[in-house]
Amino acid sequence: MHHKEYLEEHVHKTLEQMVQSLVMVKPKHPLSYMLDWLQELNGEKLSEAEKEELATLRSNLKKLRTGESPEQTETSEDEDDFIDELPQVSEAKLKTSRRSVSAEAFGEWNKKQDFEPRFIEKSLEQKARIEAILSKSFLFAALHEKDRDTVVGAMEEKKFAPGEMVINQGDDGNELFLVDSGNFKCYKVFPGKEEPTFLKNYLEGEAFGELALLYNAPRAASIEAVEESVCWVLDRGTFSHIVKDAAIKRREKYEEFLSTVGLLETIEPYERSLIAEVLKSASYNQGEYVISEGEWGDVFYLIEEGTAKATKTTKPGLPAEEVKTYGPGDYFGELALLRGEPRAANIIATSQLKCATLDRQAFSRLLGPLEDILRRNAEKYEEILKS
């Protein structure tokens, strides 16, 4: 069997799924993670086909280390069927070659071809509604005006009845959905569990279904219409040629940052990706107030770069005193959002400061599972303010 045909038939889909999982999880030990991932495909025992796929993967990884192309030679028929000797590669090497596994294995026949986007006629009102939704979505934030017009032209309107399944976990995905009106619930069956776990609701102005298109992977969760709902739907071809590259760079940037935030250590990779979707960037100059004591606030902040300090008026008539400092990975602003109270302190940039922000709506929807952690930390913080 020709190398390309062999990889397409036996390896391509499995390897793509594993690379997508690696990108989302970013484990400290990628080789061990890949081993575990393959073992979990059908339980701990690998089938003969899976062993064959693993042997091919091992061979390709060895070739990557020596600079060979994975398709130069077939996997040796007498290669050991056991999975105990994956090659050892340094962390530095893995960081630079993680994408190479996907690029080397699939790049030659996954190159973008000449593309003519579809065009569906729309009224001025429909165009305005779509553009309003696009302006709120991180996926389309980096698009130039011409590309944005192309995306608007390619959108197709689809209506869904209450209870209708829009996406089923595990299916292949070829469309991205922008909610024009209505309500959709998202749930996922996690490994080791039989019952689905509710994750969030998608409401007007939000997008879903992009993960399968970004990473060429099966649907990561299920989406069901809660009520009569309308979506604008973008096809895979237009997404891949117009939106994908910019969206991947932005998502990976924020997912990498979120993985360094201690607050988010215990959440699932999919939940972390949901947070990455709605983060917005804000920058402040040294000495600038990010938050002012006593004002009402509706934004939660995660520090990407720089430092800040918290000051508080402990005695009327006296200057505010410094009570806490912040650096990359720290967060603030949650007290007002958790309790609906005015800001408890000033937050002042002590250097050039860059923050990722969540507004009240996104905070409530996405950080619900972390509420107990936030409340415990808030109690510790209040003790500092009182001391």
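The values are calculated or read from the model by the stated rules, or taken from the named source; none is laboratory data. On a predicted model such as this, the values are computed, not experimentally measured, just so you know. Backbone-built Cβ (ideal geometry, glycine too); neighbour counts: all protein chains shown.
Does the stretch 220-242 hold any residues that are of a type in the set (A, V, I, L, M, F, W, C) and part of a strand (DSSP E or B), and which are they?
223, 225, 230, 231, 232, 233, 234 - these are the residues of the stretch 220-242 that are of a type in the set (A, V, I, L, M, F, W, C) and part of a strand (DSSP E or B).
Given (1) assigned by TED's automatic domain parsing to the domain that holds residue 131; (2) assigned to a loop (DSSP other than H, G, I, E, B); (3) in contact with a strand residue (DSSP E or B) (Cβ under 9 Å, 6 or more places away or on another chain), identify the lone condition not met by residue 198.
Only one criterion is unmet by residue 198, namely (2).
Please name all residue pairs, on different chains or six or more residues apart, with Cβ atoms under 7 Å, provided the first residue is in the stretch 330-353 and is without any contact (Cβ under 8 Å) to a residue 24 or more places away in the chain and the second residue is of a type outside the set (Ser, Thr, Tyr).
341/335
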